[in-house]
Structures are given as C-alpha cells and as structure tokens.
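Chemist: Structure provided below as structure tokens; questions to follow.
The values are calculated or read from the model by the stated rules, or taken from the named source; none is laboratory data. Predicted model, so just to flag it, every value in this text is computed and none were measured. Backbone-built Cβ (ideal geometry, glycine too); neighbour counts: all protein chains shown. Note: areas computed on protein heavy atoms with side chains; ligands, DNA, RNA excluded. Shrake-Rupley method; radii C 1.70, N 1.55, O 1.52, S 1.80 Å.
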Amino acid sequence: MKLFPFHRPHFFKKPLQGVMGVLLSAGLLVSNVTYANADMERLSLSLPTSAMNVAKETDSPHNTNTLTKRQFTIGRNQTLSHAIDGVNNAPGMAFQIARLENAAFFTQLRVGDTLDIWTDADNNLQRIDLQKTRLLSYHLTRENDTFTISSQEKPVETRIQIIQATIDDSLYLSAKAAGLSSRTIMNLADIFAWEIDYIRELRTGNELKLIYEQRFLNNEYLEDGKIIAAEMTVGQRPRTVRAIRYENQGELIGYFDENGDNLRKAFMRNPINYTRISSRFQKGRYHPVLQEIRDHKGVDYAAPTGTPIYAAGDGTIKFRGWGNGYGNYIIIQHAGRYETVYGHMSRFGKFRQGQTVKQGEVIGYVGMTGLATGPHLHYEFRIDGVHHDPLTVKFPNAEPIQADLRDDFLQHASLMVAQFERNSDDTTKLAMRFE
Ligand SMILES: [Zn+2]
C-alpha cells in the first residue's frame with residue numbers, strides 16, 4: 001500500500017493558483033464572434049482570418065463605421081495608459097475612464113491581461129474588452145460620448161455526480177481513475193483526516209463513494225465543486241465512515257457523520273507530517289543519550305530539520321523557551337484539562353508565550369536541540385498533568401451540530417445515506433466513470 005501523498009488536515013490547504021488555469025488566451029484566431037451582453041446591443045463581428053489584429057464590424061445596427069481592433073497585453077509596470085496609447089487624446093481618455101463607475105476593472109490590471117481595443121476610422125476609442133478569466137469579462141462601451149464599464153459572467157451549470165471506486169494501490173490514483181480532480185481528492189482527504197489514518201488504515205480493496213458537484217460551462221466540464229457527501233470503507237476488518245456536508249443559510253457549518261457528530265476532533269492525531277515514528281510512548285525505555293532506563297512520556301516523530309510543527313489543537317502558548325532535555329520547547333494549554341508539549345525544535349514559529357493559536361498553525365520547526373541523537377519532534381499529551389500515549393489517547397470531538405439545526409441535518413443526512421446504500425447494490429465494484 002502506497003502512502004497517500006497528500007496527507008494533511010484541511011487548514012493547510014493553499015488556494016490553487018488562478019481558477020484552475022482557465023485564463024483564456026485572448027489572441028485566438030476567430031472567424032466569427034457573437035457578443036451577447038445584457039447591457040448592450042448584440043454585435044456580430046466577423047474577423048478576417050488573414051489579419052489577426054484587424055477586424056471589421058459588418059452588421060451592427062447602430063454603427064456603420066469600420067472599427068479596428070488591436071490587442072495589448074499588459075507587461076510589467078504597465079497600465080491602461082500604455083494599452084490605449086496611440087488613440088485620440090489617450091491621456092484624457094485614461095483620465096476619463098479612471099473616474100467611471102467600475103473603473104477598477106481597467107485600472108487594476110495585471111501583467112498578462114490582454115485588452116482588445118477597438119477604435120473607429122477616426123481613431124477614437126470605441127470599446128475595450130478584457131477577458132479576465134474563462135468565465136468573467138470586462139467591457140468598456142461607448143454610447144455617443146458616454147462610456148460605461150460593465151462586467152459579464154458566463155452562467156455555470158452545477159451537476160451532481162456520484163462515483164464509486166475500489167481503492168487499488170493508492171487512494172489518490174484510484175480516485176483519480178474514478179474521475180475526481182486532484183483538488184477534490186485533497187478535500188476528501190482533509191474531510192476524513194481526523195477519522196482515518198491513511199498511512200496505517202488504508203488497504204487494497206477498501207472502497208470510496210462520493211457525491212459531489214461538477215461545474216460546466218456550455219456543457220463543457222470546468223471544474224469540480226463541493227463535496228456533498230462521502231463514504232469510505234477502510235481497514236483490514238472494514239469499517240465505514242461517512243461525511244455529510246451541512247450548510248445553513250448558505251454558510252458552511254461543517255462535515256458531520258450521519259449522527260451529527262463533527263468529523264473534526266479537538267486534536268490532530270499527529271502534529272507533524274513525519275517520516276517515521278522513532279520512539280513510542282513506553283515505560284522503562286533505554287535512553288540513547290542519557291544511557292539509562294527511563295519512561296518515554298511521549299512519542300518521537302523523526303522528520304528532517306526544519307519540518308513544520310503544528311499546534312495539535314486550539315489553545316494558548318503556556319511556555320516557550322529552553323528546557324533541559326527538551327531543548328527549545330513549547331507547551332500549549334488547551335481548553336479544559338489538556339496540554340500538549342513539543343520538544344527539540346530548531347526554532348520557534350511566530351507565536352509567543354501567552355498568545356493563542358489555532359489547530360494546525362505552525363508553532364515551530366523540527367530540530368535536535370536538548371537531548372536528541374537526530375532531528376525529531378518529541379511530543380507529549382497530558383490530561384490533568386498526566387501523560388497519555390498521543391497515538392492512542394481518545395480525543396474529544398469538535399463541537400457536534402448545534403441543537404437547533406440537528407433535525408434538519410438528520411433529515412438531510414438520511415437522504416445521503418439512502419443514496420449511498422442504493423449505490424452499494426451495484427454488482428460491479430468498478431468505479432463508475434462518467435462522460
Ligand atoms: Zn522523545
């Protein structure tokens with residue numbers, strides 16, 4: 001079983017760059033373009049294929065003048081003024097545009113933005129089009145001497161998809177083969193990160209079912225949307241875990257199991273992406289540096305120097321400093337009776353003693369300060385001052401679904417569970433692919 005390559009709780013999620021790389025290159029050779037804009041008349045532009053940058057307007061009902069288009073791509077330190085340089089009274093035009101409503105669409109340009117600049121036979125600016133993303137375009141239009149700036153968003157259709165996959169060698173590859181995007185697979189892994197230990201629990205033959213959204217533009221697949229519900233069967237003696245997304249008044253409340261329990265725990269099981277566990281919690285361990293028998297009151301995670309260490313749960317930095325044996329270490333005080341301890345850091349993160357931290361925030365980096373034979377995190381979990389094995393201690397759940405939403409949630413959850421159960425009747429255990 002290969003390790004799942006993206007094992008990390010959901011707060012480590014970084015926004016993907018751009019919108020799935022959907023920036024449309026604006027220099028396409030188009031022989032016929034039809035423009036539909038709610039705010040303006042429909043223009044049909046026939047562009048001669050022989051000359052990319054010159055186009056004639058053939059059948060506009062309002063304007064029989066010939067319009068000429070040229071393209072300008074914004075470079076470093078360039079602005080709208082550079083783009084319209086050369087049109088009549090360019091500085092005055094730039095000034096006028098900057099004072100219009102929605103001016104920011106054209107004054108806050110980015111390197112790479114490509115503007116279509118339309119001028120009439122007298123070289124007067126008539127129109128500017130900017131395809132900002134595949135879905136979003138900005139337009140400057142002229143009616144007599146009045147300019148208007150508007151935006152236009154293409155309608156995206158959301159469809160619900162259901163997939164079922166048997167996990168083969170890796171969760172990632174199996175989910176990918178079933179048609180899920182990388183981002184959806186990450187989200188899925190994040191949702192179950194507290195519930196499933198992907199490294200230790202996943203087995204070949206384990207199963208995944210997913211109900212999720214896909215977004216389409218003009219019947220063309222655009223991207224995956226939200227995960228609506230997920231079910232995974234994991235382990236040697238398989239157990240089934242479910243996650244059901246719940247929103248209230250358009251706001252995400254969270255993912256819960258079918259009983260309304262939060263899938264998040266108040267603590268992360270492992271506060272680090274580790275290479276291996278080099279020493280477990282045990283009584284009477286031979287200490288490699290002190291060369292004597294001592295209890296090992298925590299767990300050691302071997303990881304390269306500099307690996308980030310995360311706060312296992314929300315809390316306050318109770319101590320940050322030097323301790324004999326511990327080297328650079330931190331104690332976090334959590335709500336109630338819980339404390340976590342992180343030792344041997346090479347350096348601390350930005351949080352100082354007395355400051356509050358959220359689960360998953362970086363509090364320091366792996367090192368080998370204090371008594372250590374190699375870089376690792378020494379991690380302790382204390383309840384009422386008593387040490388517990390961080391790998392097996394039972395964690396409290398994060399807050400369950402709030403009481404006044406519970407009935408509504410349960411009703412919604414039962415529909416999702418019914419959907420999963422209907423699905424399991426499928427005789428074929430292969431992933432259902434969709435077109
Ligand atoms: Zn240790």
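Chemist: If we keep just the residues of the stretch 286-307 that are hydroxyl-bearing (Ser, Thr, Tyr) and more than 10 Å from the ligand (Cβ to nearest atom), which is least open to solvent (accessible area, probe 1.4 Å)?
Modeler: Selected residue: 307.
Chemist: Is it true that some residue in the stretch 394-401 is in contact with a Leu (Cβ under 9 Å, 6 or more places away or on another chain), farther than 30 Å from residue 288 by Cβ, surrounded by fewer than 19 Cβ atoms within 10 Å (Cβ to Cβ) and in contact (Cβ under 8 Å) with a residue 24 or more places away in the chain?
Modeler: Scanning the stretch 394-401 turns up at least one residue that is in contact with a Leu (Cβ under 9 Å, 6 or more places away or on another chain), farther than 30 Å from residue 288 by Cβ, surrounded by fewer than 19 Cβ atoms within 10 Å (Cβ to Cβ) and in contact (Cβ under 8 Å) with a residue 24 or more places away in the chain.
Chemist: Could you list all residues from the stretch 350-366 that are touching a residue at least 24 places away in the same chain (Cβ under 8 Å) and part of a loop (DSSP other than H, G, I, E, B)?
Modeler: Of everything in the stretch 350-366, those that are touching a residue at least 24 places away in the same chain (Cβ under 8 Å) and part of a loop (DSSP other than H, G, I, E, B) turn out to be 351, 352, 353, 354, 355, 358, 359, 360, 361, 366.
Chemist: Within the stretch 374-411, which residues are touching a Ser or Thr at 6+ places or on another chain (Cβ under 9 Å), more than 30 Å from residue 253 (Cβ to Cβ) and not aromatic (Phe, Trp, Tyr)?
Modeler: Once the filter is applied, which keeps residues that are touching a Ser or Thr at 6+ places or on another chain (Cβ under 9 Å), more than 30 Å from residue 253 (Cβ to Cβ) and not aromatic (Phe, Trp, Tyr), the stretch 374-411 yields 374, 375, 376, 377, 378, 380, 382.
Chemist: Which of (1) buried (at least 21 other Cβ atoms within 10 Å of the Cβ); (2) out of contact with any Ser or Thr (no Cβ under 9 Å at 6 or more places or on another chain) is the odd one out, the single condition residue 146 does not satisfy?
Modeler: (1)
Residue-wise test of (1) aromatic (Phe, Trp, Tyr); (2) in the same structural domain as residue 90 (by TED's automatic domain parsing).
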| residue | (1), (2) |
| --- | --- |
| 119 | no, yes |
| 124 | no, yes |
| 129 | no, yes |
| 132 | no, yes |
| 135 | no, yes |
| 175 | no, no |
| 191 | no, no |
| 198 | yes, no |
| 202 | no, no |
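Chemist: To continue, here is another question. Please count how many residues of the stretch 193-230 are among the charged types (D, E, K, R), in contact (Cβ under 8 Å) with a residue 60 or more places away in the chain and more than 14 Å from residue 164 (Cα to Cα).
Modeler: Within the stretch 193-230, residues that are among the charged types (D, E, K, R), in contact (Cβ under 8 Å) with a residue 60 or more places away in the chain and more than 14 Å from residue 164 (Cα to Cα) number 4.
Chemist: If we keep just the residues of the stretch 358-375 that are under 30 Å from residue 399 (Cβ atoms) and touching a strand residue (DSSP E or B) at 6+ places or on another chain (Cβ under 6 Å), which is farthest from the ligand (Cβ to nearest atom)?
Modeler: By that ranking, first place goes to 360.
Chemist: Is it fair to say residue 343 is touching a strand residue (DSSP E or B) at 6+ places or on another chain (Cβ under 9 Å), among the small types (Gly, Ala, Ser) and within 16 Å of the ligand (Cβ to nearest atom)?
Modeler: yes
Chemist: Something else about it: For residues that are closer than 26 Å to residue 392 by Cβ and either open to solvent by 50 Å² or more (accessible area, probe 1.4 Å) or of a type in the set (Val, Ile, Thr) (or both), scanning just the stretch 318-332, find the one that is nearest to the ligand (Cβ to nearest atom).
Modeler: So, considering only residues that are closer than 26 Å to residue 392 by Cβ and either open to solvent by 50 Å² or more (accessible area, probe 1.4 Å) or of a type in the set (Val, Ile, Thr) (or both), the one nearest to the ligand (Cβ to nearest atom) is 326.
Chemist: Something else now. Within the stretch 262-272, can you find the residues that are open to solvent by 60 Å² or more (accessible area, probe 1.4 Å) and in contact with a strand residue (DSSP E or B) (Cβ under 8 Å, 6 or more places away or on another chain)?
Modeler: 264
Chemist: If you don't mind, another one. Filter the stretch 367-391 down to residues that are within 22 Å of residue 314 (Cβ to Cβ) and part of a loop (DSSP other than H, G, I, E, B) and give me whichever is least open to solvent (accessible area, probe 1.4 Å).
Modeler: The residue in question is 390.
Chemist: Any residue at all in the stretch 261-277 that's within 16 Å of the ligand (Cβ to nearest atom) and part of a strand (DSSP E or B)?
Modeler: Yes - at least one qualifying residue is present in the stretch 261-277.
Chemist: Among residues belonging to the stretch 156-183 that are assigned to a loop (DSSP other than H, G, I, E, B) and touching a residue at least 40 places away in the same chain (Cβ under 8 Å), point out the one that is nearest to residue 199 (Cα to Cα).
Modeler: 170
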